[in-house]
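Engineer: Sending over a structure as structure tokens; questions will come in a sec.
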Amino acid sequence: MGLKIEAVTEGQLEALLPLIGDYQRFYEVEDVDEGRNREFFAGFVAPSERGMLLGAWRGGTLVGYACLYWTYTSLIPAEVVLLNDLYVVPEARGEGVGRALIEASAAVARERGAARLTWMTAQDNKRAQRLYDTTGASAEPSIEYELEL
């Protein structure tokens with residue numbers, strides 16, 4: 001069956017929530033809260049001024065998603081699109097779903113007139129890095145900081 005990438009609609013959000021939870025558990029979030037996820041991610045259902053959710057569907061099954069944030073950089077200065085979440089269900093990994101979601105994300109960024117599509121991953125997520133290294137993107141030598149509030 002073919003793969004279809006499309007913006008997630010309000011009616012598809014419930015099907016997406018389990019994948020969001022799986023993504024959060026992958027990054028060791030201890031308190032995955034489906035209600036909080038429902039409320040937060042509803043703000044990314046198209047059309048949205050915050051960003052966009054893209055779903056990867058094989059037949060009637062959601063096999064992956066990307067969450068895009070509209071943001072800016074003062075370095076060039078311009079709009080950039082942040083690919084904040086990229087998740088593919090384990091049984092569909094290695095089948096081109098991640099690449100298709102990245103390509104669709106880049107197409108959305110181009111359509112918006114954004115200067116860049118950016119994303120990051122954990123340093124130990126080598127499988128994802130192998131994919132990212134084949135996209136034409138360059139890895140930046142940045143260090144990320146977080147201040148819990």
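Engineer: Please build a GNM for the chain, connecting alpha carbons under 10 Å apart, and tell me which residue among Ile20, Ile102, Ile76 fluctuates the most.
Structural biologist: Of Ile20, Ile102, Ile76, the Gaussian network model singles out Ile76 as fluctuating most.
Engineer: Given points 7 Å out from each Cα along the Cα-Cβ axis, report the Arg93 to Glu30 separation in nanometres with one decimal.
Structural biologist: 2.5
Engineer: Further question on the same structure: Semi-axes of the equivalent ellipsoid of segment 3-82: what are they in whole Å, largest first, if each equals the square root of 5 times a C-alpha gyration tensor eigenvalue?
Structural biologist: 23, 17, 12
Engineer: Compare the peptides 54-65, 123-134 by average per-residue count of other Cβ atoms within 10 angstrom and give them in order, highest first. Can you show the working numbers first?
Structural biologist: On the way: 54-65: 18.9, 123-134: 12.4.
Highest-to-lowest ranking by the protection proxy: 54-65, 123-134.
Engineer: Determine the sum of side-chain charges near Ala56: Lys and Arg each +1, Asp and Glu each -1, restricted to other residues whose C-beta is under 15 angstrom from that of Ala56.
Structural biologist: Numbers: positive: Lys4, Arg58, Arg93, Arg99; negative: Glu6, Asp22, Asp85, Glu91, Glu95, Glu103.
Charge balance in the 15 Å sphere: -2.
Engineer: While we're looking at this one, here's another question. Assign one of three labels to segment 38-102, namely rounded, prolate or oblate, based on the Cα gyration tensor with a ≥ b ≥ c the square roots of its eigenvalues; rounded applies when a/c is under 1.5, prolate when it is not and a/b is larger than b/c, and oblate otherwise.
Structural biologist: Details: a/c = 3.00, a/b = 1.63, b/c = 1.84.
Because a/c hits 1.5 or more and a/b fails to exceed b/c, segment 38-102 counts as oblate.
Engineer: For segment 1-42, run through the GluC sites (Glu not before Pro) and keep only the ones in DSSP coil with at most 10 other Cβ atoms within 10 Å of their Cβ. The partial results should precede the final answer.
Structural biologist: Numbers: sites: Glu6, Glu10, Glu14, Glu28, Glu30, Glu34, Glu39; in loops: Glu28, Glu30.
Of the GluC sites (Glu not before Pro), the ones in loops of segment 1-42 whose Cβ has at most 10 other Cβ atoms within 10 Å are Glu28, Glu30.
Engineer: With just the Cα atoms defining each centre, how far is segment 35-99 from segment 1-15? Give it in Å.
Structural biologist: 11
Engineer: Counting only protein heavy atoms, what percent of the accessible surface of the chain is carbon or sulfur at a 1.4 Å probe?
Structural biologist: On the way: 4790 of 9480 Å².
Answer for the chain: carbon and sulfur cover 50 percent of the accessible area.
Engineer: How large is the accessible surface per residue of segment 1-85, computed with a 1.4 Å probe and reported in Å² as a whole number? Mind showing how you got there, number by number?
Structural biologist: Values: 4700 Å² over 85 residues.
Heavy-atom accessible area per residue stands at 55 Å².
Engineer: Continuing with this model, one more query. Jot down the per residue volume, in cubic angstrom and as a whole number, of the convex hull over the alpha-carbon atoms of segment 25-144. Walk me through the intermediate numbers first.
Structural biologist: Working: hull volume 16.7 nm³, N = 120.
Spelled out: Cα convex hull of segment 25-144, divided by residues, is 139 Å³.
Engineer: Shifting gears a bit: Full-extension gain between Ser48 and Arg130, please, as 0.36 nm times their residue separation minus the C-alpha to C-alpha distance.
Structural biologist: Working: separation 82, 0.36 × 82 = 29.52 nm, distance 3.15 nm.
Extra length available between Ser48 and Arg130 comes to 26.4 nm.
The values are calculated or read from the model by the stated rules, or taken from the named source; none is laboratory data. What you see is a predicted model, and the numbers here were worked out from it, not measured in a lab. Please note: Cβ atoms are built from the backbone with ideal geometry, for glycine as well, and neighbour counts cover all protein chains shown. Ligands, DNA and RNA are excluded from the accessible area calculation, which covers all protein heavy atoms including side chains. Shrake-Rupley method; radii C 1.70, N 1.55, O 1.52, S 1.80 Å.
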